[in-house]
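The values are calculated or read from the model by the stated rules, or taken from the named source; none is laboratory data. Keep in mind that this is a model prediction, so the values were computed, not measured. When we count neighbours, we look across all protein chains shown, and the Cβ atoms used for this are built from the backbone with ideal geometry, even at glycine. Ligands, DNA and RNA are stripped out before the accessible areas are found, and what is left, the full protein with its side chains, is counted by its heavy atoms. Shrake-Rupley method; radii C 1.70, N 1.55, O 1.52, S 1.80 Å.
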Amino acid sequence: MSRQTSFAYQQFDAIRTRLDLSSRAVVITFLCDVLRPRGESVFLADMISLLSPVGVSERVLRTAVFRMSRDGWLETRRVGRQAVYRVTPEGWRLIEPGCRQFYTAPTPGWDGQWTLIMFDNHSITVEQRKAAARILSWRGFGVVASNVFAHPGIDVALTRQILTETGLASAAISLRAETQDIAESASLRDMVASTWDLKSLQQEYRQKLALFEPLLLVDLAAECTPDLAFALRMLLMHGFKQVVLRDPGLPAQLLPTDWPGHRARDVIRQLYWQLVPLSEPFIAQHFRHCAGDGAHETAAKSGSGNADLAGWFFKRLGGPILD
């Protein structure tokens, strides 16, 4: 069976036409999923080869990495006649929170604790407050009052980091609060429904599930060439990332009983850990480790495959599903 005639390829083609393959967003997906477990640097030629099956052209990719370099996300150097791109510390600072949010398995249960951020309206302008609200919303905070933002569970260290990103840490106070009578609080559920746009998220999750869930019925091992498996893996991450990163990660007690985000997490995990072993030979064929990437460079000398991957990679999304 050829790549183009397989049902898996037909599904890939259908999914690709329905996704916004924004060049920078696809590059960030690649950096999180492929580069991060292997090091910090990648040959441009290798990235071009790897993302070609996804549908990202060389011209579009070159433009994307040039702009990311100009904006401080990447830095470039030459190795002979080859261009090598390295993610800068600032780039990882911007990329890592989304990586962590996407790949970290949800923690069961909730202790009723909230993180609150309050801004002093006398110390900041309306425009500053709007800019801070955009950043906090991206990180899952909801607006419970004009200057008060809430999140059920972000830890202290991450709260400090987020406040630093707003540039308004000196005008903010972070607090911890505790919910009383979680199970019986109708007013709490009403507050959640009015604070977070759960209906929009529900609709988007269902749209993504309609695209990707049919792949669970496909014998991917039989139908996928390594390059097709890699392309599907990138589309899976890229497609769901758009909604997962908008999801505030509310505890189950605060969500509708039929919340599609739970099913989405199951589908992502099942497909991801089917596609990883199928796609790794394609990555090994095209990804060269760069001098200066430390332990990953040493691992590369032992050969290709799982030896190249950081150990924490296998905990992503809760790890492979064992039979």
All conditions in (1) under 27 Å from residue 222 (Cβ atoms); (2) of a type in the set (Phe, Trp, Tyr); (3) open to solvent by 10 Å² or more (accessible area, probe 1.4 Å) are true of residue 92 except (1)
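Would you call residue 153 assigned to a loop (DSSP other than H, G, I, E, B), open to solvent by 30 Å² or more (accessible area, probe 1.4 Å), among the small types (Gly, Ala, Ser) and in contact (Cβ under 8 Å) with a residue 40 or more places away in the chain? Let's see the steps before the verdict.
Working: assigned to a loop (DSSP other than H, G, I, E, B): yes; open to solvent by 30 Å² or more (accessible area, probe 1.4 Å): yes; among the small types (Gly, Ala, Ser): yes; in contact (Cβ under 8 Å) with a residue 40 or more places away in the chain: yes.
Yes.
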I'd like the residue in the stretch 73-88 that is within 22 Å of the chain's Cα centre (by Cα) and outside any strand (DSSP E or B) and, out of all such residues, is surrounded by the fewest Cβ atoms within 10 Å (Cβ to Cβ).
88
Run residue 216 past the list (1) surrounded by fewer than 16 Cβ atoms within 10 Å (Cβ to Cβ); (2) under 21 Å from residue 20 (Cβ atoms) and report the number of the one that doesn't hold.
(2)
Breaking point among (1) within 26 Å of residue 208 (Cβ to Cβ); (2) of a type in the set (Asp, Glu); (3) touching a Phe, Trp or Tyr at 6+ places or on another chain (Cβ under 6 Å), for residue 46:
(1)
Within the stretch 220-261, restricting to residues that are open to solvent by 40 Å² or more (accessible area, probe 1.4 Å) and aliphatic (A, V, I, L, M), the one that is farthest from the chain's Cα centre (by Cα) is 222
Positions within the stretch 44-58 being open to solvent by less than 20 Å² (accessible area, probe 1.4 Å) and in contact with a strand residue (DSSP E or B) (Cβ under 7 Å, 6 or more places away or on another chain), in sequence order:
44
Go through (1) in a helix (DSSP H, G or I); (2) closer than 30 Å to residue 159 by Cα; (3) over 19 Å from the mean Cα position of the chain (by Cα) for residue 91 and report which single condition fails.
(3)
